[in-house]
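*Asks:* Quick one: the structure is below, questions incoming.
The values are calculated or read from the model by the stated rules, or taken from the named source; none is laboratory data. Remember, it's a predicted structure, so these values are computed and weren't measured experimentally. So basically every Cβ, Gly included, is an ideal-geometry build from the backbone, and we count neighbours across all protein chains shown.
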Amino acid sequence: MLDQIHLLAAVTVLGVLEQAYFLLQVIYARRVFGISPPKISGPPEFERIFRAQVNSSEYFPIFLALLWQAGLFFHQGENSPLSGLSLDLFPRVRYFSPTALFVPSAPYLAAPSCLMQKQQCFKTRRILGKLDT
């Protein structure tokens with residue numbers, strides 16, 4: 001039973017990284033729209049991103065509790081971590097995507113990819129420069 005905890009731990013770490021990614025998206029959106037951290041209202045695009053992040057972080061403890069209970073008490077082996085990936089983590093990424101948020105053009109959601117893709121980074125900076133004017 002304890003030999004398969006590493007799969008549960010891996011899904012937990014992926015979930016934490018996903019929450020960190022969502023938080024970074026809110027930080028970038030705050031910078032783009034010029035909203036200081038205590039404020040939670042602003043343009044509709046920012047509010048969609050902020051609410052998506054808050055909704056995801058509100059339900060994250062419930063996801064973790066159910067994931068670990070299913071994995072430890074019901075001993076589902078590989079089924080619990082895989083169902084955690086397919087039923088919660090991947091749908092949250094789709095929920096948070098610009099298409100799902102109905103944002104027509106959201107270059108600020110692509111900002112973390114700047115770390116790996118230089119060409120994308122230059123495109124994002126160019127678009128952000130147009131948004132600032």
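*Asks:* Determine if segment 100-115 includes at least one residue that is of a type outside the set (D, E, K, R), modelled with pLDDT of 55 or more, closer than 30 Å to residue 6 by Cβ and in a helix (DSSP H, G or I).
*Replies:* no
*Asks:* Separate question: What's the number of the only condition in (1) surrounded by 13 or more Cβ atoms within 10 Å (Cβ to Cβ); (2) in contact (Cβ under 8 Å) with a residue 12 or more places away in the chain that residue 79 fails to meet?
*Replies:* With (1) surrounded by 13 or more Cβ atoms within 10 Å (Cβ to Cβ); (2) in contact (Cβ under 8 Å) with a residue 12 or more places away in the chain applied to residue 79, the lone miss is (2).
*Asks:* Residues of segment 23-44 being at pLDDT below 90 and under 15 Å from residue 59 (Cα atoms), which ones?
*Replies:* Across segment 23-44, there are no qualifying residues.
*Asks:* Can you pull out the residues in segment 29-73 that are of a type in the set (Val, Ile, Thr), without any contact (Cβ under 8 Å) to a residue 40 or more places away in the chain and assigned to a helix (DSSP H, G or I)?
*Replies:* 54, 62
*Asks:* Tally the residues that are at pLDDT 90 or above and within 18 Å of the chain's Cα centre (by Cα), restricting the search to segment 64-85.
*Replies:* The qualifying residues number 1.
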